[in-house]
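Right, one structure below, let's go through it.
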Amino acid sequence: MSASPPTLRVVLAKVGLDGHDRGIKVVARALRDAGMEVIYAGLWLTPEAVVRTVADEDADWVGLSLLSGAHMTLVPRVLHLLRQAGLEEVGVLVGGIIPEKDIPKLLDMGVARVFGPGTPLEAIVSFLQQRSSAGHA
Amino acid sequence: MLDVLLKRFRAGDRLALARLLSLVSRGRQVDDILRALGPSRRPSRVVAVTGSGGVGKSTLIGKLIEVIRGGGQTVAVLACDPQSPLSGGALLGDRFRMPARPDDGVYIRSLAAAAGRGAVADHLGLMVQLLEAFGFDVVLIETAGAGQGDTSVRELADVVVLLLQPQTGDDLQWEKAGLLEVADLVVIHKADLPGAENVEAQVRATLELSAARAVPVLRASAKDGRGIDELWAAVRACPPRRPPAAERGLGLLRSAQECLAFAFDRARAADDPRLKELLTSYEKGILTPRQAADQLLRLLATTAP
């Protein structure tokens, strides 16, 4: 209908007991500058709160930042709750400190991509743009 | 497609509400949705919270949500933050300062407000209607950080609450036309900081000069919780405002402006050759701004929706 694709809406959140928010704020800024609407949901969120935010904000993507080591507990919980809420089409990104060996497990569970330290910001932006124009979200 | 969505919406499906709000915020199927909704059967109390950036609107709304829920009412929040004029992107960081615990009686939606639209997102009126129809008792509108002339939220709300803070401006600020004139309630926020009494006295002195209506001035602090219950009581006590004759039609004008802006964005995105030609003539000075504006109006009026 319209010539331009709808603006992507991305929820960025930190789950669990982890207050390291420098990285997620840098990502937020990069996505904003790439023309996306970034909903910054904040720190210390429960998986339930993240999923409620994704639902109410009608987000296309959710980016979870974890530097606490609790990703193998919290990420599956978010994925489960998203499915339960009927939000399986929402793409999930994970960033932060994730050991190499856990990455394939997270991808198997349904995470679209894991971005570790040192990832160029353009890589995150172009991943979201490509996946979204390819019909995801 | 829309029919299914509306059916789910009427059955109380929050995801359908979220999707409808997205359609409306993007200016899509607005007329169809408006027609399907019909007149609101259960009008909510619509309260706008406005003030400059950093004055504490989101944090105070977070506290108000608790008070409203404590009173057994449900509440929806439309929280506006600025959209980048450069990239079109936005960082929407209001809900970060509001309660995060999921509660079926609370709905928070973050919205990007384009520059020059009075610090509120487009089509906000219809979004309020959707939330009313969904059954929320109270709808809170948070403007983006508002400047002195950002008064258009007045057309959307029953009560406009203006937040000021200590240590801002001298008493001449309060004489200026604009935001202070449209406030139904003034809150000196961050009242835990020094200087709050001073600002309160200045604002009171100014407001007392206009005998037309009594505007309550309160002190509150989201930090230590003082004045929050009193604020909500004052909001509830505000008499419904009837638009004076001078404002008649302003709502319609605003809708027309939104339609125009949307048609312009669409024509530009579609690389409409007539628009390109017009813009070139305008930029080269072949047309005066007034002539170009007239032509633009005519061009957009003939663009198919």
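The values are calculated or read from the model by the stated rules, or taken from the named source; none is laboratory data. What you see is a predicted model, and the numbers here were worked out from it, not measured in a lab. With ideal geometry, Cβ positions are generated from the backbone for all residues, glycine too; neighbour counts draw on all protein chains shown.
Structural remarks
- Conditions (1) more than 16 Å from B:Ala233 (Cβ to Cβ); (2) crowded, with 24+ Cβ neighbours inside 10 Å; (3) modelled with pLDDT of 95 or more; (4) not polar (S, T, N, Q): number failed by B:Asp81: (3)
- Here A:Asp21 meets the list (1) without any contact (Cβ under 8 Å) to a residue 60 or more places away in the chain; (2) buried (at least 23 other Cβ atoms within 10 Å of the Cβ); (3) more than 9 Å from chain B (Cβ to nearest Cβ) almost entirely, failing just condition (2).
- The single condition among (1) out of contact with any strand residue (DSSP E or B) (no Cβ under 7 Å at 6 or more places or on another chain); (2) in contact (Cβ under 8 Å) with a residue 60 or more places away in the chain that B:Gln202 does not satisfy is (2).
- Test: residue in the stretch A:50-59 that is under 20 Å from A:Val125 (Cα atoms), touching a helix residue (DSSP H, G or I) at 6+ places or on another chain (Cβ under 7 Å) and in a strand (DSSP E or B): no
- Any hit, the stretch B:60-67, residues being within 14 Å of chain A (Cβ to nearest Cβ) and within 14 Å of the chain's Cα centre (by Cα): no
- Scan of the stretch B:149-172 for residues that are part of a helix (DSSP H, G or I) and without any contact (Cβ under 8 Å) to a residue 24 or more places away in the chain, ordered by number: B:Leu172
- Selection from the stretch B:266-305 of residues that are among the polar types (S, T, N, Q) and in contact with a helix residue (DSSP H, G or I) (Cβ under 6 Å, 6 or more places away or on another chain): B:Gln295, B:Thr303
- Filter result (assigned to a loop (DSSP other than H, G, I, E, B) and within 7 Å of chain A (Cβ to nearest Cβ)) within the stretch B:89-119: B:Gly89, B:Gly93, B:Ala100, B:Arg101, B:Pro102
- Test result for A:Ala55, within 9 Å of chain B (Cβ to nearest Cβ) and modelled with pLDDT of 95 or more: yes
- Residue check, B:Ser25 within 14 Å of another protein chain (Cβ to nearest Cβ), hydroxyl-bearing (Ser, Thr, Tyr) and buried (at least 18 other Cβ atoms within 10 Å of the Cβ): yes
- Selection count, the stretch A:75-131, where residues are at positive phi and assigned to a helix (DSSP H, G or I): 0
- Hey, A:Leu67 surrounded by fewer than 24 Cβ atoms within 10 Å (Cβ to Cβ) and either over 19 Å from A:Thr119 (Cβ atoms) or of a type in the set (A, V, I, L, M, F, W, C) (or both) or not: yes
- Scanning the stretch A:80-106 for residues that are closer than 21 Å to A:Leu31 by Cβ and either within 14 Å of chain B (Cβ to nearest Cβ) or out of contact with any Phe, Trp or Tyr (no Cβ under 7 Å at 6 or more places or on another chain) (or both) returns A:Leu82, A:Leu87, A:Glu89, A:Val90, A:Val92, A:Val94, A:Gly96, A:Ile97, A:Ile98, A:Leu106.
- Residue count for the stretch B:68-88 satisfying the condition of being at the interface with chain A (Cβ under 9 Å from one of its Cβ atoms), part of a loop (DSSP other than H, G, I, E, B) and not aliphatic (A, V, I, L, M): 3.
- Pair list, Cβ under 6 Å, 6 or more apart: the stretch A:37-50 residue more than 7 Å from every other protein chain (Cβ to nearest Cβ), other residue of a type in the set (D, E, K, R) and assigned to a helix (DSSP H, G or I): A:Pro47/A:Arg77
- Out of B:Ser22, B:Ser52, B:Ser58, sole residue that is hydroxyl-bearing (Ser, Thr, Tyr) and free of Cβ contacts under 8 Å to residues at least 12 places away in the same chain: B:Ser22
- Residue-level check: of (1) part of a strand (DSSP E or B); (2) facing chain B (nearest Cβ under 10 Å); (3) more than 30 Å from B:Phe262 (Cβ to Cβ), A:Ser65 misses just (2).
- Scanning the stretch B:113-129 for residues that are surrounded by fewer than 24 Cβ atoms within 10 Å (Cβ to Cβ) and of a type in the set (Val, Ile, Thr) turns up just one, B:Val128.
- Number of the exception - B:Lys190 against (1) among the charged types (D, E, K, R); (2) modelled with pLDDT under 95; (3) within 21 Å of B:Thr143 (Cβ to Cβ): (2)
- Candidate set: the stretch B:120-148, residues that are part of a loop (DSSP other than H, G, I, E, B) and of a type in the set (Gly, Ala, Ser); chosen: the one modelled with the lowest pLDDT: B:Gly147
- Inclusion of B:Leu260 among residues that are over 26 Å from B:Leu60 (Cβ atoms), over 17 Å from the mean Cα position of the chain (by Cα) and modelled with pLDDT of 85 or more is warranted.
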